[in-house]
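Peer 1: Just passing along the structure, written as structure tokens.
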């Protein structure tokens, strides 16, 4: 599968969305229509909390249980970009998962959505990168090749 220019742009935008510094997040919130909406769920506002949903870490179930709503992945700084004072006053929390279990779950989710279309960025990514990856082992090997960072070992310290 070859990605269109629009799909490539969506994937690139998604890859930086959670890494923007606050000043750029503030600028993005002002000019990007989809980012202008209030990031707080009504239940979060009412309780004075911010829940950061880490993918593949039960966030959907947690949001449904605590707030009775559908979850979404919102960068934590988006809250600060909308209202710094409320952000500073809010109790912030998240849940994390064993990294091995999380990547195993992510593989199985992504493998199930290969070829389902481009409704979600995840589906596009999965179809592009995983359509010829038959096993979890191959998935891990591909990730290693995609994201391997080579570090020169330190042999002496002064």
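What follows draws every value from the coordinates through simple rules; no lab data is involved. Model, not experiment: these values are computed from the prediction. Note: ideal-geometry Cβ built from the backbone for every residue, glycine included; neighbour counts use all protein chains shown.
Peer 1: Report the calculated FRET efficiency for residue 4 and residue 26 (r = Cβ-Cβ distance, R0 = 41 Å), to the nearest 0.05.
Peer 2: Details: r = 30 Å, r/R0 = 0.74.
Using R0 = 41 Å, I get an efficiency of 0.85.
Peer 1: Related question: Just rank 102, 144, fewest to most, by other beta-carbon atoms within 10 angstrom. Don't skip to the answer; put the middle values down first.
Peer 2: On the way: 102 15, 144 9.
The fewest-first ordering by Cβ neighbours comes to 144, 102.
Peer 1: Return the FRET efficiency for the residue pair residue 18, residue 119: r is the Cβ-Cβ distance, R0 is 30 Å, and the value is rounded to the nearest 0.05. Kindly include the intermediate steps, with their values, before the conclusion.
Peer 2: Working: r = 20 Å, r/R0 = 0.68.
Using R0 = 30 Å, I get an efficiency of 0.90.
Peer 1: Can you give me the three principal axis dimensions of the chain from its C-alpha atoms, in Å, biggest first?
Peer 2: Result for the chain: principal-axis Cα extents of 55, 46, 33 Å.
Peer 1: Using a Gaussian network model of the chain with C-alpha springs under 10 Å, which one of 37, 61, 105 is most mobile by mean-square fluctuation?
Peer 2: 37
Peer 1: Now for a different question. Tell me, 118, 132 in order of fewest to most beta-carbon neighbours within 10 Å?
Peer 2: Details: 118 15, 132 9.
By the 10 Å Cβ count, ascending: 132, 118.
Peer 1: For 78, 112, what's the fewest-to-most ordering of other Cβ within 10 Å of each Cβ?
Peer 2: On the way: 78 23, 112 11.
The fewest-first ordering by Cβ neighbours comes to 112, 78.
Peer 1: Still on this model: Binned at 10 Å from 0, what are the whole-percent values of the Cα-Cα distance distribution for region 17-94, short to long?
Peer 2: Spelled out per bin, shortest first, that is 19, 52, 28, 1.
Peer 1: Compute the separation of the alpha-carbon centres of region 87-150 and region 32-70 and state it in Å as a whole number.
Peer 2: Cα centres, region 87-150 to region 32-70: 21 Å.
Peer 1: Round to the nearest 0.05 the FRET efficiency obtained for residue 38 and residue 76 when R0 = 22 Å and r is the Cβ-Cβ distance. All intermediate terms of the calculation are to be shown ahead of the outcome.
Peer 2: Details: r = 15 Å, r/R0 = 0.67.
E between residue 38 and residue 76, to the nearest 0.05, is 0.90.
Peer 1: Order of 20-32, 87-99 by packing, highest average Cβ count within 10 Å first? Mind showing how you got there, number by number?
Peer 2: Working: 20-32: 14.0, 87-99: 12.0.
Answer by packing, highest mean first, reads 20-32, 87-99.
Peer 1: For region 99-147, what's the radius of gyration and Dmax over Cα atoms, in angstrom?
Peer 2: 10.4, 28
Peer 1: Relative to the first principal axis of the alpha-carbon coordinates of the chain, what is the inclination of helix 5-17, with its axis defined by its Cα atoms, in degrees from 0 to 90 and to the nearest 10?
Peer 2: The answer is roughly 60 degrees.
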